[in-house]
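Working notes for the structure below.
The values are calculated or read from the model by the stated rules, or taken from the named source; none is laboratory data. As the structure is a computational prediction, the values presented were derived from the model and not from experiment. Please note: Cβ atoms are built from the backbone with ideal geometry, for glycine as well, and neighbour counts cover all protein chains shown.
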Amino acid sequence: MATTSTRSRSRIKVHRDRLRALGLLTIQICVADTRALSFRAEAHCQSAAVAASPHAADDQAFIASLADLPDK
């Protein structure tokens, strides 16, 4: 009898094979945990630094211009 991990691996392989047949590739990425207090503190420090920059108005105008780009 197959173990649970063997069955899981088999199902994952079938799923990935199906994705590959559609021309897709499975990838795995690691990103920061936005729920962590350390992330919140660092984001606050960085946003404060940007706001205090002498280029803050230009930076904000650039970000705003990106929001106005049409969807493709």
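Data overview
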| quantity | calculated |
| --- | --- |
| A49, sole failed condition from (1) under 30 Å from I12 (Cβ atoms); (2) surrounded by 10 or more Cβ atoms within 10 Å (Cβ to Cβ) | (1) |
| Among the residues listed as S5, S65, S47, S38, the single one being at pLDDT 95 or above and in a helix (DSSP H, G or I) | S38 |
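Rundown of residues vs (1) surrounded by 10 or more Cβ atoms within 10 Å (Cβ to Cβ); (2) of a type in the set (D, E, K, R), yes/no style:
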residue	(1), (2)
S10	yes, no
K13	yes, yes
L19	yes, no
L24	yes, no
I29	no, no
A32	yes, no
R40	yes, yes
P54	no, no
A67	no, no
